[in-house]
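Everything on this sheet refers to the single structure shown next.
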Amino acid sequence: MAEVITILVGTMTGTAELVADEVKDTLAAEGFAAEVLAMDKLTSAVFEQPGRFLICTSTYGQGDVPDNARDFFAALETARPDLAHVEYGVMALGDRTYAQTFCFGGQRFDPLLSSLGARRLGEVLLHDASAGTIPEEVAVEWARRWAGDHLRDRSEAA
Ligand SMILES: Cc1cc2nc3c(=O)[nH]c(=O)nc-3n(C[C@H](O)[C@H](O)[C@H](O)COP(=O)(O)O)c2cc1C
């Protein structure tokens, strides 16, 4: 049976959630089961479930993760669970107007997860809100490629 892709959402004003919902539908259309979980109240236990993960988060403050992702991020930093079994992708939302901290929300999750032993699949998606592109559209294109490059073989073999 195909594994579930769990999309973990950090958002302040809902864009990342919208992106996650569209990506979920796209992955489903490509034959991959996906679910969306808000990061609120998540603990590292979420990584105990099988399957792969997509971090989908915006950036706030001065390059911070959104409020609803703070506790989860801090819990991972503190507990430092062994995530050697985890594979993940990152969709980072930001705005290049914030030149010094562009997409830092997602960009901070990436080294944290790697330092815990998890393996990133593919390049990090960086969406620039000032570019005039629609985040869901850019993310759906990215997710199609991501699934094709990293999920297809194992799903067919399963
Ligand atoms: C107050 C505020 C601070 C922000 N700070 C950053 C930042 O430091 N770096 C960045 O790349 N984007 C920053 N952004 C842009 C948001 O991350 C971007 O608009 C994102 O698409 C919002 O997604 P959300 O609705 O899921 O929270 C900021 C936006 C606001 C309103």
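The values are calculated or read from the model by the stated rules, or taken from the named source; none is laboratory data. Nothing here was measured: the structure is a model prediction, and the numbers come from that model. Here the Cβ is made from the backbone with ideal geometry for all residues, glycine too, and neighbour counts use every protein chain on show. Ligands, DNA and RNA are stripped out before the accessible areas are found, and what is left, the full protein with its side chains, is counted by its heavy atoms. Shrake-Rupley method; radii C 1.70, N 1.55, O 1.52, S 1.80 Å.
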For this session: Can you tell me which residue within region 55-97, out of those that are open to solvent by 10 Å² or more (accessible area, probe 1.4 Å) and among the polar types (S, T, N, Q), is farthest from residue 127 (Cα to Cα)?
Result: 78
Exercise. So which residues in region 109-141 are more than 16 Å from the ligand (Cβ to nearest atom) and on the phi < 0 side of the Ramachandran plot, if there are any at all?
Worked result: 111, 112, 113, 114, 115, 116, 118, 119, 120, 121, 123, 141
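Considering only residues that are assigned to a loop (DSSP other than H, G, I, E, B), modelled with pLDDT of 95 or more and either small (Gly, Ala, Ser) or touching a helix residue (DSSP H, G or I) at 6+ places or on another chain (Cβ under 9 Å) (or both), which ones fall in region 124-158?
124, 132 - these are the residues of region 124-158 that are assigned to a loop (DSSP other than H, G, I, E, B), modelled with pLDDT of 95 or more and either small (Gly, Ala, Ser) or touching a helix residue (DSSP H, G or I) at 6+ places or on another chain (Cβ under 9 Å) (or both).
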Problem set entry | region 130-148, residues that are in contact with an Asp or Glu (Cβ under 8 Å, 6 or more places away or on another chain) and buried (at least 17 other Cβ atoms within 10 Å of the Cβ) | 136, 139, 140, 147
Problem set entry | Meets criteria (modelled with pLDDT of 95 or more, in a strand (DSSP E or B) and over 21 Å from residue 101 (Cα atoms)) for residue 78 | no
Exercise. Would it be correct to say that residue 27 is at pLDDT 95 or above, within 18 Å of residue 125 (Cα to Cα) and crowded, with 19+ Cβ neighbours inside 10 Å?
Worked result: yes
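Taking region 98-107, which residues are within 7 Å of the ligand (Cβ to nearest atom), open to solvent by 10 Å² or more (accessible area, probe 1.4 Å) and not aromatic (Phe, Trp, Tyr)?
Across region 98-107, the qualifying residue is only 101.
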